[in-house]
1. State the answer as a single residue: which of Pro362, Asn86, Val182 lies farthest towards the positive end of the charge dipole of the chain, with beta carbon charges of +1 for Lys and Arg and -1 for Asp and Glu, about the Cα centre.
2. Students often check this: by mean Cβ neighbours within 10 Å, which of 291-298, 39-46, 349-356 ranks highest, and how do the rest follow?
3. Starting from 0.36 nm per residue, how many nanometres of slack lie between Arg283 and Ala319 once their C-alpha separation is accounted for?
4. Output the Kirkwood hydrodynamic radius of the range 92-160, Cα pairs only, in Å rounded to one decimal.
5. Gain in length, Ser190 to Val299, computed as 0.36 nm per residue apart minus the alpha-carbon separation, to one decimal in nm?
6. Between Val25, Gly490, Ser222, whose Cα lies farthest towards the positive end of the dipole of the chain when Lys and Arg beta carbons carry +1 and Asp and Glu beta carbons carry -1, centred on the Cα centre?
7. Taking only the alpha-carbon positions of the range 48-95 and ignoring solvent, what does the Debye formula give for the base-10 log of I(q)/I(0) at q = 0.21, 0.32 Å⁻¹?
8. Any idea how far apart Trp85 and Ser28 come out in nm if each label point goes 7 Å out from Cα toward Cβ?
Amino acid sequence: MRRESILAFILLTCALATVAGAAAVDLSVVWNKTYGKPGANDSAYSIIQIPGDRGYVFSGETESFGAGEADAWVVDLSRSGDERWNRTYGDRGMDTARSVINTSDGNYLFVGAFTYIMGEDRKDTDVLVVKFSPTGDIIWNETFGGPEDNATAYAVAETADRGYIVAGKTAFWGEPDTDALVIKLNRSGSEEWSRTFGEPGLNDTAYAVVAAPSGDIGIAGSTESFGAFAADAFVQKIDSSGNETWNVTFGGAENDTARSIVLAPDGGFVFAGSYMSRTASGRTDDDALVVRMRPDGKVAWNWTYGNADENESAESIIATRDGGYLFAGRTGESPLDNDAWIVKLDGEGAVEGDLTIGGRNPGDRAASVIQTTASEYVFAGTFNSTKKGGTPDTDAWVVKLATKPKTVIKPPAKPPKPPNVCPGQCPPPTPKPPVTQKPQTGSIGDLVWNDTNKNGIQDKGENGIKGVGVELLGSDGKTVVKQTKTDSRGTYLFSGLQPGEYYIEF
């Protein structure tokens with residue numbers, strides 16, 4: 001097993017400006033809509049596109065609908081964001097749907113948490129996995145955990161064998177520390193194997209998972225057990241049987257985490273999350289973190305993104321069709337006072353464009369993002385709709401975005417010269433001397449031919465004569481000014497002649 005730590009001083013920082021050499025794009029809102037009832041708290045955590053561009057499905061949790069404190073929630077939307085149906089899944093406790101995916105058989109699957117009410121003073125949370133049809137009907141559902149454990153799933157991916165890999169966390173009931181949890185399911189939802197990792201008394205969580213066509217699996221999250229400092233971001237590569245290939249941690253002296261992971265073109269991974277630093281005054285500052293990793297776990301590049309006076313986080317990252325990346329998350333003056341934030345990157349992590357969107361209340365954020373066409377994206381998250389003086393009210397939030405190349409005005413090739421500045425009154429300009437005009441010159445030339453009929457006209461068949469000596473005489477008819485011979489066509493030419501009177505002699 002190999003573990004590495006990347007410390008703060010080698011992380012590259014990118015402020016909110018496009019990097020030289022990166023293409024520039026404008027991001028704009030096509031439409032944005034919220035879902036939920038007034039006075040209730042609702043959130044969207046994950047979104048997918050329905051195959052064939054027939055709309056979207058998001059998953060989350062709702063207090064507006066359902067039977068319990070909060071229920072797992074799935075909503076089907078049209079391409080314009082209008083609700084077509086919504087379903088809740090749960091019982092009396094707090095239940096949630098954290099991640100939803102398309103399955104290869106044309107259905108959908110979500111993972112999250114289901115809470116059992118064990119008594120007045122005891123609740124038990126298990127991993128919840130539900131496979132459902134395009135109309136929201138349950139095909140099968142399973143829970144994983146037990147009465148002595150509290151477990152939650154945050155992410156799921158379909159594997160090469162058409163099973164599923166689930167990532168989350170687990171803890172013994174009543175214990176504060178958590179272990180990262182990975183569960184492999186077959187296509188029917190039965191467990192094939194599970195793995196946990198973490199040290200007693202410390203917290204570890206797997207927030208994201210991605211499955212490669214080769215069968216390899218990437219897990220990303222946060223660890224206190226294996227990092228260098230408080231909590232570090234980690235990425236673990238395992239094979240299809242759950243055996244670890246490598247495990248790498250990233251971070252500085254504060255708390256860092258990985259929230260999302262995707263495949264890179266070379267078979268490596270790109271993950272996104274947050275990196276925390278501490279200012280000279282002692283205040284902590286979060287920046288969004290994106291790291292590109294090679295297949296062997298070595299770092300290809302890593303960047304942080306943000307401003308010194310704000311807190312940023314990347315909650316979801318995708319590989320875009322143009323070979324770059326786009327992440328969605330939050331930005332604001334504090335972790336609680338924030339807006340949704342979308343940032344487009346090129347293939348090397350340079351910023352191509354970004355967009356901040358939110359309302360007047362704190363707490364708006366983007367949790368999941370997808371690309372729907374070559375130039376359009378959709379993100380899902382949470383919007384704070386609380387009225388002034390009213391009860392807390394958050395809604396699920398879905399926003400469609402469009403991108404287009406940004407028009408860049410090029411500066412002139414040479415900047416204009418500044419005007420002369422004189423103390424007091426400037427002296428009159430010195431007049432330029434008059435320009436002496438050069439005399440115009442002329443040329444004299446003609447053709448020497450064999451005038452067989454002696455009519456003075458070159459008739460057909462009367463060709464030029466080569467090599468005839470020609471003299472240019474001055475105005476006196478005697479002085480030779482220039483000499484030449486006719487060329488192969490019988491022509492001659494005297495050029496560069498000053499104005500005057502000349503004679504030609506053969």
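Just so it is clear, none of the values below were taken in a lab; they were calculated from the coordinates. As the structure is a prediction and not an experimental result, all values here were calculated from the model. Cβ placement follows ideal geometry from the backbone for every residue including glycine, while neighbour counts extend to all protein chains displayed.
1. The residue sitting most towards the positive pole is Pro362.
2. Output ranking for 291-298, 39-46, 349-356: 39-46, 349-356, 291-298.
3. Fully extending the segment from Arg283 to Ala319 adds 9.6 nm.
4. 12.7
5. Fully extending the segment from Ser190 to Val299 adds 35.7 nm.
6. It is Gly490, whose Cα lies furthest towards the positive end.
7. For the range 48-95, the Cα-only Debye profile gives -0.66, -1.05.
8. 3.6
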